[in-house]
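The values are calculated or read from the model by the stated rules, or taken from the named source; none is laboratory data. None of these values were measured; they are calculated from a predicted model. Note that each Cβ is placed from the backbone with ideal geometry, even for glycine, and that neighbours are counted across all protein chains shown. Accessible surface areas use protein heavy atoms only, side chains included; no ligands, DNA or RNA. Shrake-Rupley method; radii C 1.70, N 1.55, O 1.52, S 1.80 Å.
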Amino acid sequence: MALLARRTLLLASAAALTALTATACGSGADGGGRTQVRIAYQAIPNADLVVKNQRLLEKALPDADVKWVKFDSGADVNTAVIAGSVDLGLAGSSAVAKGLSEPLNIPYKVLWIHDVIGDNEALVARKGITSVKDLKGRKVAAPFGSTTHYSLLAALESAGLKQSDVTLVDLQPQDALAAWQRGDIDAAYVWTPTLTELKKDGTVLVSSREIAEQGRPTADLGIVTDAFADKHPDIVDAWLEAENQAVELARENPGEAAAAIGAELGLSAGEAEEQLGQLVLLTAEEQAAADHLGTPGAPGGLAGNLHDAAEFLASQKAVDAVPERSVFEKALAVEELARVTG
C-alpha cells in the first residue's frame, strides 16, 4: 500500500505540474508545424545560463520554438519529466540517480555534465554550531531529492549521526533562506546564490567539495527524455554544441560568461564570476573521458557514481530499489556525445 500511495501522490503532483506549466511549455514537443524544445533550467551559476542568456540554442534552431522553464530543484524536474512537460533539463546527480531507480524508473538519459559541484553547495549553520555533530536535535533544511540532500545525509553519516538524530525539513533554497531569517531552522544545505546569503551570518560546516573528497561526488547533469532524443537527434546535437560553446566561453572569457550569468541571476558580473569559479566545468571532449560519460562501448565512471548514489539513497529509504549498474551505463548518452566530439 505504501508504494501505491507514493505512486498515486507522484501522479497527482505530475498532473498538477502539467496544469501549471501548460501555458509556458505547450502541450507537446510539436505544435503548429514547429518543433517545441522545452528546457528545464535552474538558478545555478554555470554555463547553461550562458546558453539561455545569449540565446545560443535559439540561434542554432531558428525553425524551433525554444521554451525555458525555471525549476527550483531536480526533484521538481523529475516530476515535470514524468508529467511530459519538459524534454531536456538540468537535475542534480542525486535526483537523476533517484529518477533512474524504483519507483520512478524515468525513461531519460544523461546527456551532459553541467558542472562538478564544489564549494558552491555547503551546509551552513547558525553561529555557535561548529560541527556537524552539533546538529543533533536541531532542525536542518534541504530540498529533498537534491544533491544537497544527498550530501547532507552523507555528512550526517560521516559524523556518526542518523537521520532521526535531526529534524529534516524539505525546503527549496529560497524557502530555506526565508525560514533561516525567521529563525525556524538551525542549518541548511543549499547552493548559490542562496548559499551566499546564508554565509553572511552563518558558519559553513562542510562543503560538497569535501563530501566529494570523502568519496561521494555530486554534479549537475543535463538530461533528455528517451522519446525526444530518438525523435530529434538534430536538436540534441545542437543543444550539446551550444552547451559546449558556452563552456568554452567560460574558460576563455570568464568575464563575458559571468556577465551573462549575472544577468540571469540578478548578480553583478563580479559576484557571478566568483560563484562560477566554485564549479568545475568540462568540455565535450573532457566529458567523453573514462571518468565521466565515456564513449560508445565504454560507458564512463559517472555510471558508477550514480549507482553508488542510488545505493546510498536506498540505505536512507529515499528509493525503493537500486537497479543494476548496467541500467546506469545504458542511461549515459554516449552515442549522442560521440556525434559532436567525433
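Some notes on this structure:
- A simple rule links phi to the HN-Hα coupling: the Karplus curve 6.51 cos²θ - 1.76 cosθ + 1.60 with θ = phi - 60°, which for region 129-137 gives 9, 10, 8, 4, 4, 5, 7, 4, x Hz, with x for Gly and Pro.
- Mean residue ellipticity (222 nm) of the chain, computed from DSSP H runs ≥ 4 via -39,500 (n - 2.57), nearest 500: -14000 deg cm²/dmol
- Gain upon complete extension [residue 139, residue 324; 0.36 nm per residue less C-alpha separation]: 63.1 nm
- Surface composition of the chain: carbon plus sulfur atoms hold 49% of the accessible area, using a 1.4 angstrom probe and ignoring ligands, DNA and RNA.
- For residue 120, nonlocal amide neighbours, meaning residues 5 or more places apart or on other chains whose placed amide H falls under 5 Å from its own, do not occur.
- Region 210-342: C-alpha gyration tensor shape, a/c 1.5 cut-off, then a/b vs b/c: oblate
- Working from the Cα coordinates of region 66-160, the gyration tensor eigenvalues give, after taking √(5λ), semi-axes of 30, 14, 12 Å in decreasing order.
- Longest segment of the chain lacking trypsin sites (Lys or Arg not before Pro) that sit in a DSSP loop with at most 16 other Cβ atoms within 10 Å: 201-316
- Three-way shape label, region 178-238, alpha-carbon gyration tensor, a/c 1.5: prolate
- Note on region 275-306 and region 65-99: Cα centroid distance 20 Å, given to the nearest whole angstrom.
- For region 51-63, Karplus couplings with θ = phi - 60° (6.51, -1.76, 1.60), whole Hz, Gly/Pro x: 4, 5, 5, 8, 6, 5, 6, 4, 5, 7, 10, x, 9
- Correct choice for percent of Cα pairs over 37 Å apart that was computed from the model, options (1) 13; (2) 36; (3) 19: (1)
- Membrane-span-like helices in the chain, defined purely by DSSP H runs whose alpha carbon atoms cover 27 Å or more axially and whose average Kyte-Doolittle hydropathy reaches -1.0, are 2-25, 233-252.
- Annotation: amide H-H contacts under 5 Å for residue 219 (H modelled 1.01 Å from N, sequence separation of 5 or more, or interchain): 93, 94, 117.
- Annotation: amide H of residue 67 within the under-5 Å range of 37, 38, 39, sequence separation 5 or more or interchain, hydrogens built in the peptide plane.
- Annotation: for a label point projected 7 angstrom from Cα along Cα→Cβ of residue 311, residues of region 127-150 with backbone N closer than 19 Å are 150.
- Three-way shape call for region 121-179 based on the alpha-carbon gyration tensor, with the a/c threshold at 1.5: oblate
- Residue-normalised accessible area of the chain, given per residue in Å² at a 1.4 Å probe: 41 Å²
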